[in-house]
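Q: Dropping a structure here in structure tokens format, bear with me for questions.
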Amino acid sequence: MDDLNFQAMLNNAGNFELRRAVERLREGLFDPLGIRLLTTGEAKLNKTFHEGVNALDRDKPSHLCICGAYGQGKSHSLNYIKQQALGLNFVVSYINLDPRQVPFHDFKGVYRALMGGMKFPNSENSFVNVWKTCAHKWLSLPGNSKKSCRDLIPEQIPHRFKAILTAMAQKNISISPEKRKLKKHAGFKPKEFSWILKNALMGKDIPSWRLRSVFYYRQVSFYKENSLVCHEQEEYLAMVQGMAQLFRKIGFKGWLVLFDEGESIVQTRITSRSKSYDFLNKIFYPKTTSHGFYPVFAFTNDFFTYIADEAYDRVRIKKNGKNETSPIPIPYFNTNYSKAWENINIHTLHDLSAKEWKILINKLIAVHAGAYKWEPPAALMQSQMNLALSKLSGVEARLKLKFLVNHLDLVQQSRIIEYQLD
């Protein structure tokens, strides 16, 4: 961002927004305005990110891995990409992977987290509302008069979710009050239908018998054609990829999914790691093009070191049955992922240069001044903060920013005290 754009954005920001941005920086937290105002050295990241966007426009698969040390700006980069993607009309989901709460090998849980963290570029955060509006608009087009919701839903989406999406967009059968009293219509509980469908779409364990009742009364003609149970974790990955394609069909750029703390994948036992690696491999190298699907991961450097050192020849022994004479060795891993991922798209973060830190300090002084309505001695502050920064070699960038904000706080407070004494 050049100086003119920075100043224009700063002038347009409200005092509350500026104070909140500074307060979050002080605590080492992320703030949307702070990211827009203070991101520095973003040219290379922009180039790499937009190369992936251009690949999607050509119907090519795309992914991005942000790699760097702890505190070097991985999460900041993901938040920056999030804002860029929303500006490009992507639907965006941002989640933190965690071995206990959102383990990557449990892709059903990953799917639920992605659906729960969904953001739309038009500030509408209810997928149900967006889907109903877009589906009705699509069906009302002159060329779609003989089509149904099923024609709009990508084939890649599992059968259970095709039926759920169709039911969401359709109305209930009209049943007279007299007929509702009949035993055969005991399952007609329209007040529950929206809740059931929403929770089923989010990945909750809504039993099939409840869904069948909803599908019947919402006139989903095809729900009996296949099982309404997703038995395999891979079906949830297919659902994520299919949803990205669906977003594209209803007018969005696609679905950008951001995975922070990707290094947590290697912090699990070998059976979980092998499943996680397999999911990653399917994401990096999909067998079929996932139109509109743009996954972005943040990894530490240690993650790739661990991947390189993994014992890919390790096997587990299947116990013998009564009629078997020898044990059967089964590999934990399907392939050597270190070799398989040699050409994945990695953007490596580096420490900001002295010039970039100087630019960032100037911006930070201006933001702090705007937030607290004071006039810092800019030249003196720049000199002091650059000198202080030179003594923090090896310190995480996040902690450097906290230190600089604290320095501005102390100078501002001393000015207030001097003014009161005068």
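The values are calculated or read from the model by the stated rules, or taken from the named source; none is laboratory data. Computed from a prediction, not measured in an experiment: that's the story for all the values here. Glycine also receives a Cβ, built like all others from the backbone with ideal geometry; neighbour counts cover every protein chain displayed. SASA here: full protein model, heavy atoms, side chains in, ligands and nucleic acids out. Shrake-Rupley method; radii C 1.70, N 1.55, O 1.52, S 1.80 Å.
Q: Give the residue that is nearest to residue 167 (Cα to Cα), with candidates limited to residues of region 202-229 that are open to solvent by less than 80 Å² (accessible area, probe 1.4 Å) and assigned to a helix (DSSP H, G or I).
A: The selected residue is 215.
Q: I would also like to ask the following. Within region 93-100, identify whether any single residue is in a loop (DSSP other than H, G, I, E, B), open to solvent by less than 10 Å² (accessible area, probe 1.4 Å), in contact (Cβ under 8 Å) with a residue 60 or more places away in the chain and in contact with an Asp or Glu (Cβ under 9 Å, 6 or more places away or on another chain), and answer yes or no.
A: At the first step, the residues of region 93-100 found to be in a loop (DSSP other than H, G, I, E, B) are 97, 99-100.
Then keep just the ones that are open to solvent by less than 10 Å² (accessible area, probe 1.4 Å); that gives 97.
Filter again for in contact (Cβ under 8 Å) with a residue 60 or more places away in the chain, leaving 97.
After this cut, where a residue has to be in contact with an Asp or Glu (Cβ under 9 Å, 6 or more places away or on another chain) as well, the list is 97.
Checked against the condition, which is being in a loop (DSSP other than H, G, I, E, B), open to solvent by less than 10 Å² (accessible area, probe 1.4 Å), in contact (Cβ under 8 Å) with a residue 60 or more places away in the chain and in contact with an Asp or Glu (Cβ under 9 Å, 6 or more places away or on another chain), region 93-100 yields at least one hit.
Q: Quick check: is even one residue across region 348-358 under 38 Å from the mean Cα position of the chain (by Cα), closer than 28 Å to residue 283 by Cβ and surrounded by fewer than 16 Cβ atoms within 10 Å (Cβ to Cβ)?
A: Here is the first cut: in region 348-358, the ones under 38 Å from the mean Cα position of the chain (by Cα) are 348-358.
Now restrict to residues that are closer than 28 Å to residue 283 by Cβ: 348-350.
From the residues that got through so far, the ones that are surrounded by fewer than 16 Cβ atoms within 10 Å (Cβ to Cβ) too are 348, 350.
Within region 348-358, one or more residues are under 38 Å from the mean Cα position of the chain (by Cα), closer than 28 Å to residue 283 by Cβ and surrounded by fewer than 16 Cβ atoms within 10 Å (Cβ to Cβ).
Q: So residue 6 clears everything in (1) closer than 29 Å to residue 345 by Cβ; (2) touching a residue at least 12 places away in the same chain (Cβ under 8 Å); (3) out of contact with any Ser or Thr (no Cβ under 8 Å at 6 or more places or on another chain); (4) part of a helix (DSSP H, G or I) except one condition, right? Which one?
A: (1)
Q: Six or more apart or on different chains, Cβ atoms under 6 Å: show the pairs whose first residue is in region 102-116 and farther than 10 Å from residue 203 by Cα and whose second is open to solvent by 20 Å² or more (accessible area, probe 1.4 Å) and of a type in the set (Lys, Arg).
A: Close Cβ pairs satisfying both conditions: 105/275.
Q: Which of the residues belonging to region 10-22 are surrounded by 14 or more Cβ atoms within 10 Å (Cβ to Cβ), out of contact with any Asp or Glu (no Cβ under 8 Å at 6 or more places or on another chain) and either touching a residue at least 24 places away in the same chain (Cβ under 8 Å) or within 16 Å of residue 402 (Cβ to Cβ) (or both)? Full working, then the answer.
A: From region 10-22, those surrounded by 14 or more Cβ atoms within 10 Å (Cβ to Cβ) are 10, 13, 17-22; that's our starting set.
Checking the rest, the ones that are also out of contact with any Asp or Glu (no Cβ under 8 Å at 6 or more places or on another chain) come to 10, 13, 17-19, 22.
Listed by number, the residues that qualify are 10, 13, 18, 19, 22.
Q: Do we have residue 266 as β-branched (Val, Ile, Thr), free of Cβ contacts under 8 Å to residues at least 40 places away in the same chain and either surrounded by 12 or more Cβ atoms within 10 Å (Cβ to Cβ) or in contact with a helix residue (DSSP H, G or I) (Cβ under 9 Å, 6 or more places away or on another chain) (or both) here? Quick ask: steps written out before the conclusion?
A: Working: β-branched (Val, Ile, Thr): yes; free of Cβ contacts under 8 Å to residues at least 40 places away in the same chain: no; either surrounded by 12 or more Cβ atoms within 10 Å (Cβ to Cβ) or in contact with a helix residue (DSSP H, G or I) (Cβ under 9 Å, 6 or more places away or on another chain) (or both): yes.
It is false that residue 266 is β-branched (Val, Ile, Thr), free of Cβ contacts under 8 Å to residues at least 40 places away in the same chain and either surrounded by 12 or more Cβ atoms within 10 Å (Cβ to Cβ) or in contact with a helix residue (DSSP H, G or I) (Cβ under 9 Å, 6 or more places away or on another chain) (or both).
Q: What is the number of the single condition among (1) over 23 Å from residue 65 (Cα atoms); (2) touching a Lys or Arg at 6+ places or on another chain (Cβ under 8 Å); (3) of a type outside the set (A, V, I, L, M, F, W, C) that residue 347 does not meet?
A: If we test residue 347 against (1) over 23 Å from residue 65 (Cα atoms); (2) touching a Lys or Arg at 6+ places or on another chain (Cβ under 8 Å); (3) of a type outside the set (A, V, I, L, M, F, W, C), just (1) comes out false.
Q: When region 29-45 is examined, which residues are found to be modelled with pLDDT under 85, open to solvent by 20 Å² or more (accessible area, probe 1.4 Å) and either part of a helix (DSSP H, G or I) or more than 14 Å from residue 360 (Cβ to Cβ) (or both)?
A: If the condition is that a residue be modelled with pLDDT under 85, open to solvent by 20 Å² or more (accessible area, probe 1.4 Å) and either part of a helix (DSSP H, G or I) or more than 14 Å from residue 360 (Cβ to Cβ) (or both), then 29, 30, 32, 36 are the ones that fit.
Q: Find all pairs meeting these conditions: Cβ atoms under 8 angstrom apart; at least six residues apart or on different chains; first residue within region 199-215 and free of Cβ contacts under 8 Å to residues at least 12 places away in the same chain; second residue outside any helix (DSSP H, G or I) and surrounded by fewer than 21 Cβ atoms within 10 Å (Cβ to Cβ).
A: Qualifying pairs under 8 Å: 199/206.
Q: May I pose another question? So how many residues does region 239-248 have that are touching a Ser or Thr at 6+ places or on another chain (Cβ under 9 Å) and open to solvent by 20 Å² or more (accessible area, probe 1.4 Å)?
A: So in region 239-248, the residues touching a Ser or Thr at 6+ places or on another chain (Cβ under 9 Å) come out as 240-242, 244-245.
Narrowing further to those that are open to solvent by 20 Å² or more (accessible area, probe 1.4 Å): 245.
Going through region 239-248 one residue at a time, the tally reaches 1.
Q: Test each condition in (1) open to solvent by 20 Å² or more (accessible area, probe 1.4 Å); (2) farther than 18 Å from residue 104 by Cα; (3) modelled with pLDDT of 95 or more; (4) not polar (S, T, N, Q) for residue 255 and report the one that comes out false.
A: The number of the failed condition is (1).
Q: Here's another thing I want to ask about it. Looking only at residues in region 167-201 that are within 42 Å of the chain's Cα centre (by Cα) and among the hydroxyl-bearing types (Ser, Thr, Tyr), which one is least open to solvent (accessible area, probe 1.4 Å)?
A: 194
Q: Quick one: in region 87-121, of everything that is under 24 Å from residue 266 (Cα atoms) and β-branched (Val, Ile, Thr), which residue is farthest from the chain's Cα centre (by Cα)?
A: Here the answer is 102.
Q: While we're here: Checking the condition open to solvent by 20 Å² or more (accessible area, probe 1.4 Å), over 25 Å from residue 288 (Cα atoms) and assigned to a loop (DSSP other than H, G, I, E, B), which residue from 137, 82, 146 passes?
A: Details: 137 fails: assigned to a loop (DSSP other than H, G, I, E, B); 82 fails: assigned to a loop (DSSP other than H, G, I, E, B).
Checking each option against the conditions leaves just 146.
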